1. In segment 201-225, how many are of a type in the set (D, E, K, R), at pLDDT below 95 and surrounded by 13 or more Cβ atoms within 10 Å (Cβ to Cβ)?
2. Scan segment 125-141 for residues that are in contact (Cβ under 8 Å) with a residue 40 or more places away in the chain and open to solvent by 60 Å² or more (accessible area, probe 1.4 Å) and jot them down.
3. If only one of Ser121, Ser93 is among the polar types (S, T, N, Q), out of contact with any Pro (no Cβ under 7 Å at 6 or more places or on another chain) and within 29 Å of Ala240 (Cβ to Cβ), which one is it?
4. Filter segment 142-200 down to residues that are without any contact (Cβ under 8 Å) to a residue 24 or more places away in the chain, closer than 16 Å to Lys119 by Cα and assigned to a helix (DSSP H, G or I) and give me whichever is least open to solvent (accessible area, probe 1.4 Å).
5. Is there a residue in segment 33-43 that is at pLDDT 95 or above, in a loop (DSSP other than H, G, I, E, B), open to solvent by less than 80 Å² (accessible area, probe 1.4 Å) and farther than 26 Å from Pro187 by Cα?
6. Kindly indicate whether any position in segment 80-90 is within 11 Å of the chain's Cα centre (by Cα) and either within 19 Å of Ser164 (Cβ to Cβ) or among the polar types (S, T, N, Q) (or both).
7. Considering only residues that are open to solvent by 30 Å² or more (accessible area, probe 1.4 Å), more than 17 Å from Asp218 (Cβ to Cβ) and not acidic (Asp, Glu), which ones fall in segment 96-114?
8. Which one of Ala59, Ala21 is modelled with pLDDT of 95 or more and aliphatic (A, V, I, L, M)?
Amino acid sequence: MARYKLLILCGILVLVFGGQAFGGGKLVNGIDANFPPFAFIDKTGKPSGFDVEAMDLVAKEIGMEVTHQPIEWDGIITSLLTKKIDIIASGMSITEERAKKVNFSIPYWIIKQVMVVKKDSSMTIDEILNGKKAVGVQQGTSEAKWIKEEAAKKGWNLKLHYYSSAPLAVEDVLNGRIDAAAMDDAPAMDAAGKKDVKIVGTFGMHEEEFGYAVRKEDAELLAKVNAALKNLMATPKWTALIEKYELNK
């Protein structure tokens, strides 16, 4: 009888703790591996960036070990929903469309969308949108969706080219394959600080907020992440990360 009760207890524990993909005190964070300064692979081949380090601190506070898994951005939500990863902490904009599939943490950063051109270019935003220009944008992003929809509505005379990352679009600006690249302001500032490009201005989208994404059913994880993230944002460690990755330019 005692053995039977033990088996029942073990079964209950499996149901309670074994049903979570992030069980065993481990989390897999999906990242865009080419989205500096928020997430990227450093010179040693390791994941790095503002979101990577912040997620390390969040995971430590909630008592979990986190690894960072590079995922193609266009399929990163699918990877989350199919439990290949457990969380997305990698510069993801909180949008209504995404919120239908996942739950977001509290916002931790506000961004704008900008156009990047060669440093010696005299093009204006209006010329880029209406002057038969080739514009690069990362596929699967909110800015890619917005530009495509607005171009159709307003009859903008531009040609969109899709890339797997914003830095690849910047490279094609430099080599002349495209005229401009549309992206978030933080990676644009990162590119402008390292390469012969500049930000020419914003292109009409409202400000967006970044948040971490989890599956709808992982409410307990989200609550813990929110509490830890809120605590982190109130400490000098958060300020130090902002300064380290030059997000306060």
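The values are calculated or read from the model by the stated rules, or taken from the named source; none is laboratory data. Source: prediction; values computed, not measured. When we count neighbours, we look across all protein chains shown, and the Cβ atoms used for this are built from the backbone with ideal geometry, even at glycine. When the accessible area is computed, the model is the full protein with side chains, heavy atoms only, and any ligands, DNA or RNA have been set aside. Shrake-Rupley method; radii C 1.70, N 1.55, O 1.52, S 1.80 Å.
1. Number satisfying all stated conditions: 1.
2. If the condition is that a residue be in contact (Cβ under 8 Å) with a residue 40 or more places away in the chain and open to solvent by 60 Å² or more (accessible area, probe 1.4 Å), then Gln139 is the only one that fits.
3. Ser93
4. My answer is Glu171.
5. no
6. yes
7. Of everything in segment 96-114, those that are open to solvent by 30 Å² or more (accessible area, probe 1.4 Å), more than 17 Å from Asp218 (Cβ to Cβ) and not acidic (Asp, Glu) turn out to be Pro107, Trp109, Ile110, Lys112.
8. On the way: Ala21 fails: modelled with pLDDT of 95 or more.
Exactly one of Ala59, Ala21 is modelled with pLDDT of 95 or more and aliphatic (A, V, I, L, M), namely Ala59.
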